[in-house]
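A.B. asks: Structure provided below as C-alpha cells; questions to follow.
Values quoted throughout were computed directly from the atomic coordinates according to the rules given, and no laboratory measurement underlies them. Just so it is clear, the model here is predicted, and its values are computed rather than measured. Positions of Cβ are backbone-derived with ideal geometry, glycine not excepted, and every protein chain shown enters the neighbour counts.
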Amino acid sequence: MERLREFFSKRGVAVGASGLVAVLSANAVQAAPVGLALTISTSATIGASTVVATTTATLTKAIVMTTLQKTIVATVLVVAAGAGIYEARQASQPSPTK
C-alpha cells in the first residue's frame, strides 16, 4: 500500500494508505460475465462427452478385434481337427478291391 501511495504522490495525487485500502477492497472482486458459467459448463460437457466417445470407440474396437481373433483361431482349429479326423478315417478303412 505504501508503494502505491508513493506512486500517486509522485504524480501529485495525495492519497492516504487507508484510503487506498478502502478503494482496492471495494473494487478487488468483480462479478464474472453473465455467460461465463454457461460457456464453462458447456465446454466441460463437450470435453467429457468426447472422452466418453473415444473410450467407447477404443473399447468396442478392442472387443471386436478380440472376438474376431477368437473366431479365426477357433475356425482354424476346427478345420485342422476335421482334416485330421478325415485323414484318420480314410487311413483306417480298407481299400476297395476290384
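A.B. asks: Could you tell me the largest-minus-smallest coordinate of the C-alpha atoms of the stretch 50-98 on each of the three principal axes, in descending order and whole angstroms?
C.D. replies: In descending order, the Cα extents are 75, 13, 6 Å.
A.B. asks: Assuming R0 = 30 Å, what is the FRET efficiency of Ala57 and Val79, from their Cβ-Cβ distance, to the nearest 0.05? Walk me through the numbers before you get to the answer.
C.D. replies: Working: r = 33 Å, r/R0 = 1.09.
Efficiency, rounded to the nearest 0.05: 0.35.
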